[in-house]
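The values are calculated or read from the model by the stated rules, or taken from the named source; none is laboratory data. Because the structure is a prediction, the values reported are computed rather than measured. For neighbour counting, all protein chains shown are included, and Cβ atoms are generated from backbone atoms with ideal geometry for every residue, glycine included. All accessible areas refer to the heavy atoms of the entire protein, side chains included, with ligands and DNA or RNA removed. Shrake-Rupley method; radii C 1.70, N 1.55, O 1.52, S 1.80 Å.
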Amino acid sequence: MSHRFKLIMFDCDGTLVDSQHAIVAAMASAWRSLELREPEPAAVRRVVGLTLETAIAALQPDADEQMLAGLAAAFRREAVAARQKDSYREPLFPGILEAIEAIAGPDVVFGIATGKNLRGLRHTLEAHGLTKRFVTLQTADRAPSKPHPAMLHQAMAEIGVDPASTVLIGDTSFDMEMAYNAGTAGIGAGWGYHEPADLARAGAGRVILRPEELPTALANYGER
């Protein structure tokens, strides 16, 4: 099914892969290392997609700079250690690979805009054999936190396309706000960590509930 988009950007956590259990566990371990009460899993899921320091500040609003730095360092240690275990899993959402293949084309470039750092993103892509599929990688260590539009601006400049030819698929309100701020299209991934109604309120042009709906959503984007 054809569509008008030349650059298709995906969020990673909650859109491509279901990484909530790994993130929640690493956050809990980080908080315990500083003898703090662990954040609720639901609260952690709400901040997935933000850069680490921004997410931690939202979860622990009374944190000073020293505590913020300590929690961030502890989370990174836990995340790296977890990825080295044979039991580590960040499964792809069912149907996402098939959806990507269905919307590919000779003039279509795929990219990622994520709250992960580049090291973590590369680990995820390598684990699923997707390293060559995504051309432009926009990460938390190379841009301000979502919903700032820098990740999308950088991706468009790198590929040489304009906002009218660009779409972001993401599962959080931060993704949809970033797309709005960058002037691009935004499709809410309703299978992720924010509710579909929240995605719509944040400015999603379309909200879909399953990856299988993505080709039609792209083909009909902008139509009522």
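Within the stretch 65-85, can one find any residue that is within 23 Å of Pro196 (Cα to Cα) and out of contact with any strand residue (DSSP E or B) (no Cβ under 8 Å at 6 or more places or on another chain)? No, that holds for no residue. Scanning the stretch 1-45 for residues that are part of a helix (DSSP H, G or I) and of a type in the set (Ser, Thr, Tyr), we see that the one that is farthest from Thr139 (Cα to Cα) is Ser33. Reported count of residues in the stretch 90-106, each being touching a Leu at 6+ places or on another chain (Cβ under 9 Å) and assigned to a helix (DSSP H, G or I), is 6.
Take the conditions among the acidic types (Asp, Glu) and surrounded by 18 or more Cβ atoms within 10 Å (Cβ to Cβ) and apply them to Asp18. Does it pass? Answer is yes for this residue. Looking at the stretch 46-89, which of its residues are of a type outside the set (A, V, I, L, M), open to solvent by 40 Å² or more (accessible area, probe 1.4 Å) and in a helix (DSSP H, G or I)? Arg46, Glu53, Thr54, Glu65, Gln66, Arg76, Arg77, Glu78, Arg83, listed by residue number.
If you go through the stretch 90-139 and keep only what is more than 20 Å from Tyr193 (Cβ to Cβ), surrounded by 15 or more Cβ atoms within 10 Å (Cβ to Cβ) and hydroxyl-bearing (Ser, Thr, Tyr), you end up with just Thr136.
Just for helices (runs of 4 or more DSSP H) wholly inside the stretch 125-208: which have at least 3 residues that are closer than 12 Å to Gly49 by Cβ and free of Cβ contacts under 8 Å to residues at least 60 places away in the same chain?
173-182
State yes or no: is Val167 in contact with a helix residue (DSSP H, G or I) (Cβ under 9 Å, 6 or more places away or on another chain), open to solvent by 10 Å² or more (accessible area, probe 1.4 Å) and closer than 20 Å to Arg4 by Cβ? No: the conditions fail for Val167.
Residues checked against (1) modelled with pLDDT under 95; (2) within 22 Å of Ala104 (Cα to Cα); (3) in contact with a His (Cβ under 7 Å, 6 or more places away or on another chain); (4) of a type in the set (A, V, I, L, M, F, W, C):
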{"site": "Ile159", "(1), (2), (3), (4)": "no, yes, no, yes"}
{"site": "Gly170", "(1), (2), (3), (4)": "no, yes, no, no"}
{"site": "Gly190", "(1), (2), (3), (4)": "no, yes, no, no"}
{"site": "Glu195", "(1), (2), (3), (4)": "no, no, no, no"}
{"site": "Asp198", "(1), (2), (3), (4)": "no, no, no, no"}
{"site": "Val207", "(1), (2), (3), (4)": "no, yes, no, yes"}
{"site": "Pro211", "(1), (2), (3), (4)": "no, yes, no, no"}
{"site": "Leu214", "(1), (2), (3), (4)": "no, yes, no, yes"}
{"site": "Glu223", "(1), (2), (3), (4)": "yes, yes, no, no"}
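The residues of the stretch 107-124 that are within 29 Å of Arg4 (Cα to Cα), out of contact with any Asp or Glu (no Cβ under 8 Å at 6 or more places or on another chain) and assigned to a helix (DSSP H, G or I), listed by number, are Leu121, Arg122.
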